[in-house]
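Asks: Mind having a look at this structure? Questions to follow.
The values are calculated or read from the model by the stated rules, or taken from the named source; none is laboratory data. Bear in mind the structure is a predicted one, so any value in this text is a computation, not a measurement. Counting neighbours? That spans all protein chains shown, and the Cβs are built from the backbone with ideal geometry, glycine included. All accessible areas refer to the heavy atoms of the entire protein, side chains included, with ligands and DNA or RNA removed. Shrake-Rupley method; radii C 1.70, N 1.55, O 1.52, S 1.80 Å.
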Amino acid sequence: MADEPHNLGPLHHSTAPVVAPGLTFASVTDKISSIVLKRKTPLWWFLGFALSFILFQLLLLTITKLVFEGIGLWGVNVPVAWGMDILNFVWWIGIGHAGTLISAILLLLRQKWRTSINRFAEAMTLFAVAQAGMYPIMHLGRPWLAYWLFPYPNTMGIWPQFRSPLMWDVFAVSTYATVSAMFWFVGLIPDFATLRDRARSKPFQLLYGLLAMGWRGSARHWHRYEMAYLLLAGLATPLVLSVHTIVSFDFAVGIIPGWHATIFPPYFVAGAIYAGFAMVLLLTIPLRKLYGLESFITMRHMHNMAKVMLATGLIVGYGYVMEAFFGWYSGNHYERFMIWNRMHGPYSGYYWALILCNIITPQFLWIKKLRSNLLVLWLLSLVVSIGMWLERFVIVVTSLHRDFLPSSWGMYQPSTWDWTMFIGTIGFFFTLLFLFIRFLPMISIFEMRTILPDAEVEE
Amino acid sequence: MPQIFHHSTNALAKLTIYGAVFILVALLWIAVELNRSSWNTGQWVERQQPVQFSHKHHVGDDGIDCRYCHTSVETAASAGLPATTTCMNCHKQIWADSSYLEPVRESFRTGKPIEWIRVHDLPDFAYFNHSIHVNKGVGCSTCHGQVDQMPIAYQASTLQMEWCLGCHRNPENFVRPKEKVFDMQFRQENKTNDEIAEGRSLVTKYHIQPPNVLTSCSTCHR
């Protein structure tokens, strides 16, 4: 057992194994569950949680003020009526995509390396979608009437506008949130049972017991479980593509120059995965270190994620080039002006920063040595996250602030409350994340067991 | 290891899962019903007025025309409520010392109008106009019910948007000959095929606009 596990044969071309050698069923279970059940909560957890929770209060404050005063609180106004709220919505939704890709598509493709990061990435998805969902609802101005978005037999005698992509968004995002939540929960059931059996205090036994829904681990349970999990993976797979495609339709169906482009769906999906993997790296690199999870989340994972990031980054870069090319090639006055205005207009700083962050920086990922340096990788992920935020800023703001009629041109300046809302959602995101790593197994225990060498059946 | 949960909780768990579906559907149904109920719309609710004015007496028994009191109903958006002098035209002579009429006489002496409590009240963001309806053959009773039978006025329709649209989408089911607009006895809705066929011919005759115009949002939300 001491040397390279024999069952990982086909993966030998890669530098590092999926799990560190020497782990057994018992040690895996012990190590992961002890984070939740036994180990003393480390000081940094309290500090991190407190900080996130304080920032979270900023969100509550902003929302309260928003409900009383209306969305005039934000910097949005004609012509830029979609400011930070929509761009942050797209940003957060995009981040979620890595989780679904890792958990569903990589499962169906039998990529074993996904196992040690999928639970965490799914949690990230869920929490990011929660942040994203808040923006359009708050943007309604009367958030308590958000249920009007759903087609139900209302007293107005009309249906929502089914031809509007904003309507499709409602379905896309709510389906996405539901399927992600179910997938996550179903994946957790066997681990809840493990925690239930290992918990020593009655309240935790009860809590985890309730969540385990009577899981006993019988063959019949496992059989049904695998079936359900696979079905959910099948359901989630198209969502990776559909959700951001529809988010891109919010723009592409509009006739504003810079939005009305057929390239948007693939380019948005790639951007979403790009941003998502950046966020997974951003979070797992410190976490793995702090909890000493190097034997589960190995360098192999880091390399793979970096490669996915590089690949999607190139697609996104291609998107930018094509946008500029078609702007010019269309010969359309407004399209050409739009591209020119992006590069030279009042927001050109954002555009060039975006090119720097999203096209230039990821090129460093070609170099293996840099990919192996976790600090560099972390910083690159940070730059990509910022870059993807800038991308949405450029798309939303530069297109709207100069449309067809010069008389309706204007500038957009996010207000303080735009920023408190954004920072607040970051706080809320991390609050949820800290609670998650403290109370739930952040790595799937039972799935880890299946990829151990011990799980291999000799023929 | 001892079981944390008793065996029976299995059944309970299943029950909650299935039950949740029914509870959710039931809650939705209750919400939808409450939304249309008179508790929310004020339909059928009789409002006590400062004077015990009865349409049943004045319209049903005495046969006074609506326009005698609601003078602007054919010409303006608002039907208008009668001034105190209108009441005094008759009540100077008849029932001149009825105690029920004391607030009317006081209003007449002081010149301070009677403060009627509104029965129908559309939200301000919805635009309604009486004259167009009355002049295109929509009878008072279609919207207000049999006012001549009301000792106390109440709202006979929900006044919800779906109610307006129910007619704007199919005006032929409701329009009647113009001379019957104030007739409380005339049918409120065209039900049989013949009646609807008549309604259809009236729609053409009165040049009532097609549903796509009548249901466009800016017709009522201006």
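Asks: Take the residues in the stretch A:289-309 that are assigned to a helix (DSSP H, G or I) and open to solvent by 10 Å² or more (accessible area, probe 1.4 Å); name whichever of them is farthest from A:Lys369 (Cα to Cα).
Replies: Ranking the candidates gives A:Leu290 first.
Asks: Which residues, counting only those in the stretch B:42-56, are surrounded by fewer than 14 Cβ atoms within 10 Å (Cβ to Cβ) and either among the aromatic types (Phe, Trp, Tyr) or at pLDDT 90 or above (or both)?
Replies: Hit for the stretch B:42-56 is B:Trp44, nothing else.
Asks: Please tell me if A:Trp144 is more than 14 Å from chain B (Cβ to nearest Cβ) and open to solvent by 20 Å² or more (accessible area, probe 1.4 Å).
Replies: Considered against the rule, which asks whether it is more than 14 Å from chain B (Cβ to nearest Cβ) and open to solvent by 20 Å² or more (accessible area, probe 1.4 Å), A:Trp144 comes out as no.
Asks: Any idea which residue in the stretch A:22-36 is modelled with the lowest pLDDT, counting only those that are more than 26 Å from the chain's Cα centre (by Cα) and surrounded by 18 or more Cβ atoms within 10 Å (Cβ to Cβ)?
Replies: The residue in question is A:Leu23.
Asks: Then there is this: Which numbered condition in (1) over 20 Å from B:Arg36 (Cβ atoms); (2) among the aromatic types (Phe, Trp, Tyr); (3) open to solvent by less than 80 Å² (accessible area, probe 1.4 Å) is the only one that A:Tyr152 fails?
Replies: For A:Tyr152, the failing item is (1).
Asks: Same structure, new question: Could you check, for the stretch A:210-222, whether at least one of its residues is in a helix (DSSP H, G or I), away from chain B (no Cβ under 14 Å), under 21 Å from A:Ala130 (Cβ atoms) and open to solvent by 40 Å² or more (accessible area, probe 1.4 Å)?
Replies: no
Asks: Under 25 Å from A:Gly94 (Cα atoms), in contact (Cβ under 8 Å) with a residue 12 or more places away in the chain and open to solvent by 10 Å² or more (accessible area, probe 1.4 Å): does that describe A:Pro257?
Replies: Considered against the rule, which asks whether it is under 25 Å from A:Gly94 (Cα atoms), in contact (Cβ under 8 Å) with a residue 12 or more places away in the chain and open to solvent by 10 Å² or more (accessible area, probe 1.4 Å), A:Pro257 comes out as no.
Asks: In the set A:Thr420, A:Thr398, which member is at pLDDT 95 or above, of a type outside the set (Lys, Arg) and part of a helix (DSSP H, G or I)?
Replies: Among A:Thr420, A:Thr398, only A:Thr420 is at pLDDT 95 or above, of a type outside the set (Lys, Arg) and part of a helix (DSSP H, G or I).
Asks: Among the residues of the stretch A:37-69, write down those that are of a type in the set (A, V, I, L, M) and modelled with pLDDT under 85.
Replies: Hit for the stretch A:37-69 is A:Leu37, nothing else.
Every residue, every condition in (1) over 20 Å from the mean Cα position of the chain (by Cα); (2) surrounded by fewer than 15 Cβ atoms within 10 Å (Cβ to Cβ); (3) aliphatic (A, V, I, L, M), yes or no:
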| residue | (1), (2), (3) |
| --- | --- |
| A:Tyr350 | yes, no, no |
| A:Leu382 | no, no, yes |
| A:Arg392 | no, no, no |
| A:Thr450 | yes, yes, no |
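Asks: Would you mind listing the helices (runs of 4 or more DSSP H) fully within the stretch B:100-213 where at least 2 residues are away from chain A (no Cβ under 14 Å), open to solvent by less than 70 Å² (accessible area, probe 1.4 Å) and in contact (Cβ under 8 Å) with a residue 12 or more places away in the chain?
Replies: B:102-110, B:130-135, B:140-144, B:193-205
Asks: Further question on the same structure: Away from chain A (no Cβ under 14 Å), open to solvent by 50 Å² or more (accessible area, probe 1.4 Å) and in contact (Cβ under 8 Å) with a residue 60 or more places away in the chain: is that true of B:Lys92 in this structure?
Replies: No, not satisfied.
Asks: Moving on to the next point. As an exercise: evaluate A:Trp159 against (1) open to solvent by 30 Å² or more (accessible area, probe 1.4 Å); (2) in contact with a helix residue (DSSP H, G or I) (Cβ under 8 Å, 6 or more places away or on another chain); (3) not in a helix (DSSP H, G or I) and give the number of the one condition it does not meet.
Replies: Looking at each condition in turn, A:Trp159 falls short on (2).
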